[in-house]
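K.L.:
First, the structure itself, so that you have it in front of you.
The values are calculated or read from the model by the stated rules, or taken from the named source; none is laboratory data. Remember, predicted model here, so these are calculated numbers, not experimental data. All Cβ positions, glycine included, derive from the backbone under ideal geometry; neighbour counts span all protein chains shown. Calculation scope for accessible area: heavy atoms of the full protein, side chains included, ligands and nucleic acids excluded. Shrake-Rupley method; radii C 1.70, N 1.55, O 1.52, S 1.80 Å.
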Amino acid sequence: MNTVATPEINVKSERRIGNSIRSRMQDVLPKIVLAPSFAVTVIFVYGFIVWTAYLSFTNSKTFPSYVLTGPRAYQRLWRWTFETDPPSSWYTSITNMGIFGLLYVGICLALGLFLAILLDQKIRGEGLLRPIYLYPMALSFIVTGVAWKWFLDPGLGLEQTLHQWGWTSFHFDWIKNKDFVIYTVVIAGVWQASGFVMAMFLAGLRGIDGEIIKAAQIDGATTWQLYRRIVIPMLRPVFLSAFIVLAHMAIKSYDLVVALTSGGPGGSAWLPSNFMYEYTFKRNEMAVGSASAIIMLMTISAIIVPYLYSELREKAR
């Protein structure tokens, strides 16, 4: 009996060892695969964020300086914030950020919701309209900026075309006007992003339980009441997600401004990202550019962190 039981025990122990090795490999292998990308992210994203924050407290000019000089760069930005006559480049940048951010986010949300409601009516040609609305989002900001630059150029685009058709009194020179050039950036940005927002809202609308809609209609709710009191409140998570995405895109916008306006007359279309690049790489003020980059990061964090916190708390419940 002992000679028979011993081989069986050995086989079982070998199976246990094999299973334990396999389970360990299943646990370790994903970590091994993800380790290089994790290390690259830590070094080249978070590492450079820390390095930029360090440079913002130095007196770096053309090249980095590692001697700490305190928050002088932030003090300069704070002083420039209130220089309005003539306006400083930083004042122009944050003012444009306010105008662009409010109009870009607000119009994209309103237009995206409107288009989503129209497509949700099961209209003919929906399969054709959806990719048409979404197509601009597939383009880079550089392509969008160049295309709208041609279209809005008074000597080349819309104004010139209408003059050739006989409407010689028509004038639309916003792209050359320092007071209105930021609104051309809004137009191009809304054209590109509103289709993406429409897709988000359309997915949200299609996810609403149809029984709720039918019950409201049976109770005599009008279409306006249906959307105002039932549908739109149920789209709150979509509104929040779209707001986060749009606000993030607005704050870090750079290439659209450069491609469309080249910064505008006298830098009148600058956003904080343009200010950061200009001062860091062209005006040899690396400390000031780093400080503006950290302020942009803090602004984005102030938007994203509460959103992530609310999402994690919701999942914990």
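K.L.:
Of the conditions (1) surrounded by 15 or more Cβ atoms within 10 Å (Cβ to Cβ); (2) at pLDDT below 90, Q121 clears all except one; give me its number.
P.N.:
(1)
K.L.:
Here's something else I'd like to know. Which residue is nearest to A259 (Cα to Cα), if the candidates are limited to the range 135-148 and must be within 17 Å of the chain's Cα centre (by Cα) and open to solvent by less than 50 Å² (accessible area, probe 1.4 Å)?
P.N.:
Checked the range 135-148; the qualifying residue nearest to A259 (Cα to Cα) is G145.
K.L.:
Here are some residues: I182, I175. Which one is within 24 Å of A259 (Cβ to Cβ), touching a Lys or Arg at 6+ places or on another chain (Cβ under 8 Å), touching a residue at least 40 places away in the same chain (Cβ under 8 Å) and crowded, with 19+ Cβ neighbours inside 10 Å?
P.N.:
After applying the criteria, what remains is I175.
K.L.:
Going through I132, I187 one at a time, which residue ends up being under 17 Å from V258 (Cα atoms) and assigned to a helix (DSSP H, G or I)? Explain how you work it out, then say what you get.
P.N.:
Numbers: I132 fails: under 17 Å from V258 (Cα atoms).
Testing whether each residue is under 17 Å from V258 (Cα atoms) and assigned to a helix (DSSP H, G or I) leaves just I187.
K.L.:
Out of L118, L158, L68, I need the residue that is of a type in the set (A, V, I, L, M, F, W, C), without any contact (Cβ under 8 Å) to a residue 40 or more places away in the chain and closer than 25 Å to P272 by Cβ. Which one?
P.N.:
L68
K.L.:
Identify the single condition in (1) farther than 22 Å from Y104 by Cα; (2) assigned to a helix (DSSP H, G or I); (3) open to solvent by less than 40 Å² (accessible area, probe 1.4 Å) that G266 does not satisfy, given that it satisfies every other one.
P.N.:
With respect to (1) farther than 22 Å from Y104 by Cα; (2) assigned to a helix (DSSP H, G or I); (3) open to solvent by less than 40 Å² (accessible area, probe 1.4 Å), G266 is out only on (3).
K.L.:
Check R229 against each of (1) open to solvent by 50 Å² or more (accessible area, probe 1.4 Å); (2) not in a helix (DSSP H, G or I) and name the one condition it does not meet.
P.N.:
(2)
K.L.:
Moving on. Checking the structure you have, find out if any residue of the range 280-288 is touching a Phe, Trp or Tyr at 6+ places or on another chain (Cβ under 8 Å) and among the aromatic types (F, W, Y).
P.N.:
There is no residue in the range 280-288 that is touching a Phe, Trp or Tyr at 6+ places or on another chain (Cβ under 8 Å) and among the aromatic types (F, W, Y).
K.L.:
Identify the residue in the range 236-263 that is in contact with a Gly (Cβ under 8 Å, 6 or more places away or on another chain), more than 23 Å from L152 (Cβ to Cβ) and not small (G, A, S) and, among all such residues, is surrounded by the fewest Cβ atoms within 10 Å (Cβ to Cβ).
P.N.:
P237
K.L.:
Here is a further query. Checking the conditions here, which among F196, F151 is open to solvent by 50 Å² or more (accessible area, probe 1.4 Å), assigned to a helix (DSSP H, G or I) and free of Cβ contacts under 8 Å to residues at least 60 places away in the same chain? If you could, list the steps in order and put the result at the bottom.
P.N.:
Working: F196 fails: free of Cβ contacts under 8 Å to residues at least 60 places away in the same chain.
Criteria check complete, one pass: F151.
K.L.:
Continuing with this model, one more query. Looking at the range 80-98, which of its residues are part of a helix (DSSP H, G or I) and either small (G, A, S) or under 16 Å from the mean Cα position of the chain (by Cα) (or both)?
P.N.:
If the condition is that a residue be part of a helix (DSSP H, G or I) and either small (G, A, S) or under 16 Å from the mean Cα position of the chain (by Cα) (or both), then S89, S93, M97, G98 are the ones that fit.
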